[in-house]
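Here is the structure we will look at, set down as structure tokens.
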Amino acid sequence: MIGESLIDIVHDDRAGDGSAPRTTEYPGGSPMNASIGLARQGIDVQFVTELGADQRGDRLEERLVREGVDLLIAPRAGSTATASAYLRADGSAEYSFDLDWSLGCGEMPDHRPFDVLHFGSLAAAMNPCCGDLENTVRTARATATVSYDPNIRTAHDTDPIAARNRVERQARLADIVKASDEDLAYLYGDEPHTATAQRWIADGVSLVVITRAADGVLLMTADAVVDLPAYDVEVHDTIGSGDAITAGLLAGLGTLGLLGADRRDQLRRVDERTLRAIGDWAQQTAALTIARPGAEPPTSAETRDALLQTSSRSAAA
């Protein structure tokens, strides 16, 4: 896992009574959230990131170590990056960022062998180092599955055409691309999601996963399409929901032995039934996350138990 760690400063003005917004700080950052989600699913995680030399950096390091994530970091320096999240009435968030780093520049730190490398988000969008990061990903393809989440943040990707060109280039490095409907709307306007997915697959991507909030999740390979409706869940906020999908998706694929460069052909040929099971696991992981404040993904046991309850209710109906 390569990407940013930061503090989410969440401003919640949904009380509607004229009082000042409630402000709460949570450890966050898309790749950090996904790292913790994977660790809670029982996956061995190595995380390349940067931390500031301040109390917020202490908090991030403590959380990651407590969750069992193996940190691969340079000496801490500067201030910890922050993201201000302003919650809308439906629990979704609008972000602004305060960050400055050189994440991804130079050689990868020493690490153990790995089956999957996940990258994306701000670390893949910010110069001067996104080119070095792409070279790291190219090298990793020889031994690992590559997972990519563009996770567009318009505060940084201010030029949709430049952002589209970058995402197209980075998607061609990946075996798995997970994107949101908001990402695709910014990059491609009204182009149908299936058309975007088909183009990525034609360029070499094995599996495309598109999250669509209340419209559910679309999973596509060259030979299979699975359209899953959204779970009926009371939303507290949507912070970390896409990262929970990533964690559930990679955990499910790993459990089924579909990760690693030597499994690339098997991943490309996943049948519809298997794809549906993987999608159900990922979607349930996200459903449990959005019912909680902040990015707090479930353990594998919580996801399993929730799926069993859902199956029981469906059978009873």
>> Quick check on residue 258: is it buried (at least 22 other Cβ atoms within 10 Å of the Cβ), at pLDDT 95 or above, farther than 24 Å from residue 230 by Cα and under 20 Å from the mean Cα position of the chain (by Cα)?
In response: yes
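Here is a yes/no grid of residues against (1) within 24 Å of residue 38 (Cα to Cα); (2) surrounded by fewer than 23 Cβ atoms within 10 Å (Cβ to Cβ); (3) of a type outside the set (Gly, Ala, Ser); (4) in contact with a helix residue (DSSP H, G or I) (Cβ under 7 Å, 6 or more places away or on another chain):
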position: 132; (1), (2), (3), (4): no, yes, yes, no
position: 154; (1), (2), (3), (4): no, yes, yes, yes
position: 163; (1), (2), (3), (4): no, yes, no, yes
position: 175; (1), (2), (3), (4): yes, no, yes, yes
> Does any residue of region 228-250 turn out to be out of contact with any helix residue (DSSP H, G or I) (no Cβ under 8 Å at 6 or more places or on another chain) and at pLDDT 95 or above?
Replying inline: no
>> With the structure loaded, tell me whether residue 214 is modelled with pLDDT under 95, more than 17 Å from the chain's Cα centre (by Cα) and more than 20 Å from residue 172 (Cα to Cα) or whether it fails that test.
In response: yes
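Every residue, every condition in (1) hydrophobic (A, V, I, L, M, F, W, C); (2) free of Cβ contacts under 8 Å to residues at least 60 places away in the same chain; (3) outside any loop (DSSP other than H, G, I, E, B); (4) out of contact with any Asp or Glu (no Cβ under 9 Å at 6 or more places or on another chain), yes or no:
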{"residue": "111", "(1), (2), (3), (4)": "no, no, no, no"}
{"residue": "139", "(1), (2), (3), (4)": "no, yes, yes, yes"}
{"residue": "143", "(1), (2), (3), (4)": "no, no, no, no"}
{"residue": "158", "(1), (2), (3), (4)": "no, yes, no, yes"}
>> modelled with pLDDT of 90 or more and closer than 21 Å to residue 294 by Cβ: is that true of residue 118 in this structure?
In response: yes
> Within region 68-85, how many residues are under 21 Å from the mean Cα position of the chain (by Cα) and either among the hydrophobic types (A, V, I, L, M, F, W, C) or under 16 Å from residue 6 (Cα atoms) (or both)?
Replying inline: 10
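The values are calculated or read from the model by the stated rules, or taken from the named source; none is laboratory data. Owing to the predicted nature of the structure, the values given are computational and were not obtained by experimental measurement. Methodologically, a virtual Cβ is constructed for each residue, glycine included, from the backbone with ideal geometry; neighbour enumeration extends over all protein chains shown.
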